[in-house]
Amino acid sequence: MKCEQEQRLRHIAVDLREDIVRIGYTCHFGVHLGGSLSLAEILSVLYFHVLSVKPDDPGWAERDRLVLSKGHGNLALCAALARRGFFPFEGLDQFNQLNSPFSMHADHERVPGVEASAGALGHGLPIALGMALSSRIEDASWRTYCILSDGEMMEGSSWEAMMAAAHFGLDSLTAIIDRNRLSLDGHTRDVMTLEPLAEKCRAFGWTTLEVDGHDVTALMDALSAEVAQEGRPKVVIANTVKGSGVSFLEDRASSHFGHLTEEETHQARAELEEMRAQIV
């Protein structure tokens, strides 16, 4: 049964990549490609295995909350929400176009299933911290998850939130760091050294796990609520590749934002078809 679930999640991750590639071609304004592609397995596991949500009732009081702090991954988030059934998939064809609710960054006011609007990096974890505190005050069982980029781990607000979460013992809070090691300006090692990232997270009082962010089995295990320590928030450092799944976008800062040509789209689709064929 678990093997079948893993295969299903891998297929969904390919579906999400195909969605990103398609919109990367049809949206001539350009989209955030690399950082969306690196999220495919993370969002597949979260929305189709981990999160307790009701797509037909986005405001369900007992739902788990997911905050996308790395708001420029919104294309991947919207694709996951559409495939999970929160809204008709056809609406994504208008992504990042005038009057479309699907904008460059996550929009809580206009998109069902989005828990918090995203803007400047570093805001999401403080918001998730507040949600986790709220669940404690309400004595509720729902959990809070927050996806961060490694670039925003350069922000002081992220570390302040980590310090506060440990202080309050928020074991219902899980952070996932998309550790693709690239930002718009280049490699994080050149912009601002983050290592030893795991040791820093542990020093801030978080249960800290490091996994291959493209391995659905590893993500399923790491994100399980059973893998936790009472009184300690959890952070999963997901080692990923920016642009994962599309060879000419992989591990390149230039994939951060752009538009795909027709030729590039054909190549990307062929590579994703091959990725799907290798799922066993």
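The values are calculated or read from the model by the stated rules, or taken from the named source; none is laboratory data. Keep in mind it's a predicted model, so treat the numbers as computed, not measured. Here Cβ is always computed from backbone atoms with ideal geometry, including for glycine, and neighbour counts include all displayed protein chains.
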For this session: Provide a single number: the residues in the range 207-236 that are in contact (Cβ under 8 Å) with a residue 60 or more places away in the chain, surrounded by fewer than 21 Cβ atoms within 10 Å (Cβ to Cβ) and either in a strand (DSSP E or B) or on the phi > 0 side of the Ramachandran plot (or both).
Result: 2
Exercise. For the range 56-67, how many residues meet the condition of being surrounded by fewer than 16 Cβ atoms within 10 Å (Cβ to Cβ) and touching a helix residue (DSSP H, G or I) at 6+ places or on another chain (Cβ under 9 Å)?
Worked result: 0
Problem set entry | Breaking point among (1) crowded, with 23+ Cβ neighbours inside 10 Å; (2) in contact with a Lys or Arg (Cβ under 8 Å, 6 or more places away or on another chain); (3) part of a helix (DSSP H, G or I), for residue 135 | (1)
Exercise. For residues in the range 187-205 being out of contact with any helix residue (DSSP H, G or I) (no Cβ under 6 Å at 6 or more places or on another chain) and not in a helix (DSSP H, G or I), which is farthest from residue 167 (Cα to Cα)?
Worked result: 187
Exercise. Filter the range 186-203 for residues that are among the charged types (D, E, K, R) and farther than 16 Å from residue 122 by Cβ; which is surrounded by the most Cβ atoms within 10 Å (Cβ to Cβ)?
Worked result: 202
Exercise. Do you know which of the residues in the range 161-174 that are assigned to a helix (DSSP H, G or I) and more than 21 Å from the chain's Cα centre (by Cα) is farthest from residue 124 (Cα to Cα)?
Worked result: 167
Exercise. Hey, does the range 185-197 have a residue that's modelled with pLDDT of 95 or more and under 13 Å from residue 129 (Cα atoms)?
Worked result: no
Exercise. Taking the condition surrounded by fewer than 18 Cβ atoms within 10 Å (Cβ to Cβ) and either in contact (Cβ under 8 Å) with a residue 24 or more places away in the chain or not in a helix (DSSP H, G or I) (or both), does residue 76 pass?
Worked result: no
For this session: Report, by residue number, each residue of the range 112-122 that is buried (at least 18 other Cβ atoms within 10 Å of the Cβ) and closer than 20 Å to residue 257 by Cβ.
Result: 117, 118, 121, 122
Exercise. In the list 147, 127, which residue meets the criterion of being within 19 Å of residue 66 (Cα to Cα), β-branched (Val, Ile, Thr) and buried (at least 22 other Cβ atoms within 10 Å of the Cβ)?
Worked result: 147
Exercise. Any residue at all in the range 82-98 that is under 14 Å from the mean Cα position of the chain (by Cα) and in a loop (DSSP other than H, G, I, E, B)?
Worked result: no
Exercise. Does residue 108 satisfy the condition of being surrounded by fewer than 24 Cβ atoms within 10 Å (Cβ to Cβ), without any contact (Cβ under 8 Å) to a residue 24 or more places away in the chain and not hydroxyl-bearing (Ser, Thr, Tyr)?
Worked result: yes
Problem set entry | In the range 81-102, the residues that are over 16 Å from residue 22 (Cα atoms) and crowded, with 17+ Cβ neighbours inside 10 Å | 81, 84, 86, 87
Problem set entry | So residue 190, is it acidic (Asp, Glu), more than 16 Å from the chain's Cα centre (by Cα) and more than 30 Å from residue 22 (Cβ to Cβ) | yes
